[in-house]
């Protein structure tokens, strides 16, 4: 009979296929190993389940209905560019995002005054992307419009309708979201009329694929509140930059 | 360290040290459970409120009930309270649905079982506990553990195998003692 196999390595999937097969052959003729395997398998099952349960990520942004998956070519492009899949905890992301100064909040009328129908002005940029903001909960709606901005940037205008008026001490905030990695970047507050415009670096915009609007408490916490109210996916419509 | 049920009995006798033992053995697992529902920021506060309730109501603990189940039932109620206290008109319905009702009770029970295994680990000798934590909770292979600890792989295999059998026996004994149902 061959030497007794490493049964725990067998259970943990650490053996190559030939070694696992060899262990199986050994078990056929070794009652002692079969008894030991049963004992180890019980504890292995308990430990594996415990580790899987306790290591589960808290459902934060993925607790809300998922957006349609991004087209596969985008994922390949992302990998080719060496872009990260995830950055870590939502709080860390919030702080990281707060530290970044690449997003500038433009005035709420930026897009409107440059619109194509404005008399006395040269024809303005046509929307590159027009994506509906769908309700995550409730009956509100809206639209995200994107046009080419100056020097490698995009002008994004968010318009909402029927959002419940925020209570005192609360406000609505817009975020960029990558549903696949749960990465989020705060853009800024929506105004009292439910509108906001932002000038965003194209390279940054490429790293996300959706816009999220959340209800936030004015408590100094930069993290997403997990109370998403509207979502729009722009990934499939938008030409990519590199 | 005592088994969960032994800690529960000491708590019922109002032994303050038992509260510390319960916190050490089950606190990390409870925190993981609470983070799932109330988020990382509020989880610590809800954990404190949970242990406050554990101490206040410790005389109600019945040894026929698994201690981990009793703990997670209290944590579950405090998590529901925390979500209700938010008073947002727009709530994360999926998270709320996951917490209350049958799904919520099943999840609490699953976490209670996971915590029972984690607590049993703390009762193993240090080098055996470390071997299992690196294997299961850090996901390292035996070869990686040997490199990490700077010990021969044969030592890792022996420790892990012995620890696994010992842990299985501890959990099974606990289930027999503490009303496995």
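One table, with the values for the structure above:
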{"read-out": "Any pair with Cβ under 7 angstrom, 6 or more apart, that starts in the stretch B:29-43 at a residue that is facing another protein chain (nearest Cβ under 7 Å) and ends at one that is part of a helix (DSSP H, G or I) and at pLDDT below 90", "value": "B:29/A:54; B:32/A:54; B:40/A:91"}
{"read-out": "Qualifying residue in the stretch A:200-217 (condition: within 14 Å of chain B (Cβ to nearest Cβ), more than 19 Å from the chain's Cα centre (by Cα) and farther than 22 Å from residue B:35 by Cβ)", "value": "no"}
{"read-out": "Unmet requirement for residue B:160, which otherwise passes all of (1) under 30 Å from residue B:62 (Cβ atoms); (2) facing chain A (nearest Cβ under 9 Å)", "value": "(1)"}
{"read-out": "Subset tally (residues that are closer than 22 Å to residue A:147 by Cβ and surrounded by fewer than 16 Cβ atoms within 10 Å (Cβ to Cβ)) for the stretch A:159-190", "value": "2"}
{"read-out": "Residue that is surrounded by the most Cβ atoms within 10 Å (Cβ to Cβ) [pool: residues in the stretch B:116-170 that are out of contact with any helix residue (DSSP H, G or I) (no Cβ under 7 Å at 6 or more places or on another chain) and in a loop (DSSP other than H, G, I, E, B)]", "value": "B:141"}
{"read-out": "Sole exception among (1) in contact with a helix residue (DSSP H, G or I) (Cβ under 6 Å, 6 or more places away or on another chain); (2) at the interface with chain A (Cβ under 10 Å from one of its Cβ atoms); (3) modelled with pLDDT under 90 for residue B:178, by number", "value": "(2)"}
{"read-out": "Residue count, the stretch A:29-54 (criterion: within 7 Å of chain B (Cβ to nearest Cβ) and within 27 Å of the chain's Cα centre (by Cα))", "value": "5"}
{"read-out": "Meets criteria (crowded, with 17+ Cβ neighbours inside 10 Å, in the same structural domain as residue B:62 (by TED's automatic domain parsing) and without any contact (Cβ under 8 Å) to a residue 60 or more places away in the chain) for residue B:16", "value": "no"}
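Yes or no, residue by residue, for (1) within 11 Å of another protein chain (Cβ to nearest Cβ); (2) at pLDDT 85 or above; (3) under 13 Å from residue A:211 (Cβ atoms):
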site: A:130; (1), (2), (3): no, no, yes
site: A:135; (1), (2), (3): yes, no, no
site: A:140; (1), (2), (3): yes, no, no
site: A:152; (1), (2), (3): no, no, no
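The values are calculated or read from the model by the stated rules, or taken from the named source; none is laboratory data. Since the structure is predicted, the reported quantities are computational estimates derived from the model, not experimental observations. Positions of Cβ are backbone-derived with ideal geometry, glycine not excepted, and every protein chain shown enters the neighbour counts.
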